[in-house]
Amino acid sequence: MKRRTWRSAVVVVALVGAVIVWLLSTRTFPYHSINHDEGVYLQQAAMLLEGQLFVRPPVEESLRPWFFVEDGGRLYPKYAPVPAVIFALGELVGSYRLALPGIAAAILALVALVVREVFDRRTGVAAAVAVLCSPLFLIDASLFLPYAPTAMLNLAFAYCYLRADRTDDRRWAGAAGAAIGLAFFARPYTAVLFAAPFLAHACWTLYRDPRAALPRQSATAAFGLAGVGLALTYNTVVTGSPLLFPYEAFAPRDGLGFGHRRMLHHEIEYTVGLALRANALVMRTFVAEWIAGGILGAAVAVGGFGVAVRRGLSPREAILAGQAVSIAVGNVYFWGNFNVLGDLERAGDGLIAVHGPYYHFDLLLPFAAFAAVGALAAVAAVRRAADRNLRPQTARVAFVAVVLASALALGGVTAANFDEKIDRNAAATDTYERVYAPLEEGTSDPSVVFLPTTYGDWLAHPFQPLRNEPGFDGQRVYALDERPFAVADAYPDRSLYRFAYRGQWDPTADSPRAARLQRVDHVAGSAVELNATLGVPPAAESLSATVTANGTSATYVAENVSERTRVRLTVTDGAVRLRGANWDADEPLSVDDREDVTLTVFVDRGPGGSFSYRLELPIRAEGEAVRALTPRIERCSAVRDCGGDAAYIPDRSPDGIFVRTELAALDGSE
């Protein structure tokens with residue numbers, strides 16, 4: 001293949017990959033994926049653009065982003081900043097998403113360059129096509145996750161190293177060191193596994209001809225160690241110790257090794273047996289579903305390796321073969337490969353079902369290289385057989401037919417695998433579009449939006465698009481609905497809203513079904529009063545109301561049932577009272593200085609038809625004054641449904657079932 005033709009082919013492959021990744025990013029993942037790490041990297045990228053390594057929220061407990069480490073009055077991400085820097089480059093030219101097609105194009109071009117250095121130009125182009133057609137590349141390159149950016153740096157190292165090895169040019173050797181140093185800074189263990197066969201090759205070159213190899217390898221080592229030093233310096237600035245990485249500061253037992261592993265509330269005994277079993281499942285999934293051609297593609301790659309061995313495996317070819325071993329074996333030592341699987345007994349569970357075995361992203365290089373060798377060798381063998389056994393015209397027809405049939409078989413497997421992955425991710429996106437619609441249609445005034453604590457006291461977990469500016473001063477500020485009065489005090493001049501959804505948070509299963517953006521009033525006075533009007537269907541047999549405050553509760557039965565039942569809660573003098581013409585509730589309950597007073601109204605309509613209204617009224621007593629916020633409102637078909645997943649959505653409620661509330665300070669002071 002001529003140089004100009006080869007260059008054009010590489011450019012075409014890279015551009016096609018960039019376009020596909022752009023379309024996937026904007027159409028399949030417009031609200032990001034179910035992997036909530038994307039929000040962490042984008043939050044970090046925004047910080048870096050503002051020149052910040054830390055954020056200092058005014059109310060730390062309510063404004064702490066997912067996977068941020070608490071350090072006094074400041075927070076920092078658990079991840080190294082290199083991927084975030086790369087994503088930030090996209091924002092500098094217009095949008096974070098512009099970084100993704102750039103990374104994708106660079107990966108494909110670098111694969112072609114690396115494989116050309118090891119084999120030849122045709123094999124390089126074929127390898128780039130094999131990566132382009134792999135679902136693992138297409139999906140993970142479309143996400144704001146570190147695996148594709150780190151792979152780009154690893155591939156840059158591989159190309160520069162191989163070119164320096166061929167030309168003995170120290171400039172390329174230094175560039176190789178810089179690239180692997182940055183890759184180490186981004187993901188240390190990933191870089192080590194990728195570079196291990198190169199290190200073995202470097203030692204071999206030093207043994208074979210130390211005088212020629214030493215200057216070149218010294219340049220690579222010097223720049224590589226500079227990257228390591230940069231990582232350790234960052235550790236010192238952020239965590240206070242060069243050897244304490246941020247992810248370890250976040251969760252000391254989340255990392256490499258066997259034995260007891262833990263991150264937050266998730267922990268296991270990661271034994272050697274469990275590690276081998278989990279990684280066998282990961283590798284099986286990688287081969288069957290996430291590479292071009294699936295099992296057929298893997299068979300072609302194995303055949304390509306056999307062809308390379310038969311021809312005489314060169315030391316440079318051995319590097320790529322060695323990567324298949326170092327990456328696959330090295331990942332056994334990392335419990336993250338257990339975590340991506342979810343439940344080992346359930347096929348298609350865990351993040352691996354939608355994002356693939358992303359810790360093995362770098363295996364795409366050796367797979368693609370030997371698959372290209374195998375495919376080209378097979379094509380040459382078919383041509384020789386046809387030319388040897390058939391007349392020229394028949395040979396050409398037979399050759400084209402065999403090549404087309406093989407391509408269709410490989411393409412069919414790839415398309416089926418890719419469609420399945422896209423469908424799963426698209427299902428989550430459809431849910432996100434529905435759930436986030438109230439926010440996109442909401443008001444544009446400066447505001448604070450309280451978010452539910454679906455997975456604990458974290459922002460952007462799971463609501464990734466709802467991120468704050470590094471200074472927590474954007475047009476909208478998102479806060480957890482846990483310390484609402486402290487947040488309201490920190491933002492006294494902003495409107496308050498509450499975001500809530502109905503249904504369990506399971507986006508790939510079409511849930512939640514609906515969401516709302518509720519306006520929140522903030523009142524204060526010597527007493528506050530909540531007036532609620534509740535819709536009661538005609539078939540209701542009875543009503544009962546339970547008020548819970550300060551660890552105690554009292555239940556009252558309505559004297560009669562009407563289609564519009566009014567309930568009034570009054571909070572004053574350290575007590576809460578239920579009032580209303582329909583209720584006999586003279587005895588008050590004591591109220592703590594700061595808590596949520598809960599009113600639950602049970603509507604009895606017989607088996608299968610009963611439901612409850614639940615109103616949680618946040619209050620805070622300060623001296624002789626009482627403050628209150630508009631209550632959280634749920635409509636629960638069963639008691640176990642209450643607690644965050646059963647939000648009352650006005651336009652999704654059945655006829656006759658509704659809630660109207662009014663919150664007021666009795667003395668009118670605010």
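The values are calculated or read from the model by the stated rules, or taken from the named source; none is laboratory data. Predicted, not measured: the structure shown is a model, and the values here were computed from it. All Cβ positions, even for glycine, are placed from backbone atoms using ideal geometry, and neighbour counts span all protein chains on display.
Residues in segment 46-94 that are basic (Lys, Arg), assigned to a loop (DSSP other than H, G, I, E, B) and without any contact (Cβ under 8 Å) to a residue 40 or more places away in the chain: Arg56 alone.
Exactly one residue out of Ala130, Ala45, Ala99, Ala84 is among the small types (Gly, Ala, Ser), within 30 Å of Gly240 (Cα to Cα), crowded, with 21+ Cβ neighbours inside 10 Å and assigned by TED's automatic domain parsing to the domain that holds Leu244, and it is Ala84.
Total residues in segment 204-217 satisfying the condition of being touching a residue at least 12 places away in the same chain (Cβ under 8 Å) and of a type outside the set (Val, Ile, Thr): the figure is 5. Against the definition (in contact with a Gly (Cβ under 8 Å, 6 or more places away or on another chain), within 22 Å of Pro650 (Cα to Cα) and not hydrophobic (A, V, I, L, M, F, W, C)), how does Glu563 come out, yes or no? Yes: the conditions hold for Glu563.
Condition check ((1) touching a helix residue (DSSP H, G or I) at 6+ places or on another chain (Cβ under 8 Å); (2) over 25 Å from Ala128 (Cβ atoms); (3) part of a helix (DSSP H, G or I); (4) not basic (Lys, Arg)) across all residues:
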site: Val282; (1), (2), (3), (4): yes, no, yes, yes
site: Ala301; (1), (2), (3), (4): yes, no, yes, yes
site: Val309; (1), (2), (3), (4): no, no, yes, yes
site: Phe338; (1), (2), (3), (4): yes, yes, yes, yes
site: Arg346; (1), (2), (3), (4): no, yes, no, no
site: Gly350; (1), (2), (3), (4): yes, yes, no, yes
site: Leu365; (1), (2), (3), (4): yes, no, yes, yes
site: Val379; (1), (2), (3), (4): yes, no, yes, yes
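Restricting Ala324, Ala353, Ala381, Ala386 to residues that are closer than 30 Å to Gly312 by Cα, modelled with pLDDT of 80 or more and either in contact with a strand residue (DSSP E or B) (Cβ under 6 Å, 6 or more places away or on another chain) or surrounded by 13 or more Cβ atoms within 10 Å (Cβ to Cβ) (or both) narrows the list to Ala324. For segment 618-655, the set of residues classified as closer than 19 Å to Leu451 by Cβ and either modelled with pLDDT under 85 or over 31 Å from the mean Cα position of the chain (by Cα) (or both) consists of Pro618, Leu629, Thr630, Pro631, Cys642, Gly643, Gly644, Asp645, listed by residue number.
Identify the residue in segment 596-609 that is in contact (Cβ under 8 Å) with a residue 12 or more places away in the chain and in a loop (DSSP other than H, G, I, E, B) and, among all such residues, is surrounded by the fewest Cβ atoms within 10 Å (Cβ to Cβ). In this case the residue turns out to be Gly606.
Would it be correct to say that Pro465 is crowded, with 20+ Cβ neighbours inside 10 Å, touching a residue at least 24 places away in the same chain (Cβ under 8 Å) and farther than 19 Å from Leu75 by Cβ? In short, no.
Residues in segment 494-522 that are at pLDDT below 95 and β-branched (Val, Ile, Thr): Thr508 alone. Checking segment 297-309 against the condition returns no match, with no residue being surrounded by fewer than 18 Cβ atoms within 10 Å (Cβ to Cβ) and touching a Leu at 6+ places or on another chain (Cβ under 7 Å).
Give the residues of segment 19-36 that are buried (at least 22 other Cβ atoms within 10 Å of the Cβ) and not in a loop (DSSP other than H, G, I, E, B), sorted by residue number. Residues satisfying the conditions are Val21, Ser25.
When you check Arg513 against the structure, is it of a type outside the set (A, V, I, L, M), surrounded by fewer than 21 Cβ atoms within 10 Å (Cβ to Cβ), touching a strand residue (DSSP E or B) at 6+ places or on another chain (Cβ under 8 Å) and farther than 30 Å from Gly350 by Cα, yes or no? When the stated conditions are applied, Arg513 does not pass them. Restricting segment 443-462 to residues that are in a loop (DSSP other than H, G, I, E, B) and under 17 Å from the mean Cα position of the chain (by Cα), the residue that is surrounded by the fewest Cβ atoms within 10 Å (Cβ to Cβ) is Gly456. When the residues of segment 468-481 are filtered to those that are surrounded by 17 or more Cβ atoms within 10 Å (Cβ to Cβ) and either at negative phi or not in a loop (DSSP other than H, G, I, E, B) (or both), the one that is modelled with the lowest pLDDT is Asp481.
Looking only at segment 623-663, filter to residues that are assigned to a helix (DSSP H, G or I) and not acidic (Asp, Glu); which one of those is nearest to Asn531 (Cα to Cα)? Out of the qualifying residues, it is Pro650. Just one of the listed residues (Ala539, Ala488, Ala545) is touching a residue at least 40 places away in the same chain (Cβ under 8 Å) and in contact with a His (Cβ under 6 Å, 6 or more places away or on another chain), and it is Ala488. Screening Thr546, Thr572 for residues that are farther than 20 Å from Ala646 by Cβ and among the hydroxyl-bearing types (Ser, Thr, Tyr) leaves exactly one candidate, Thr572.
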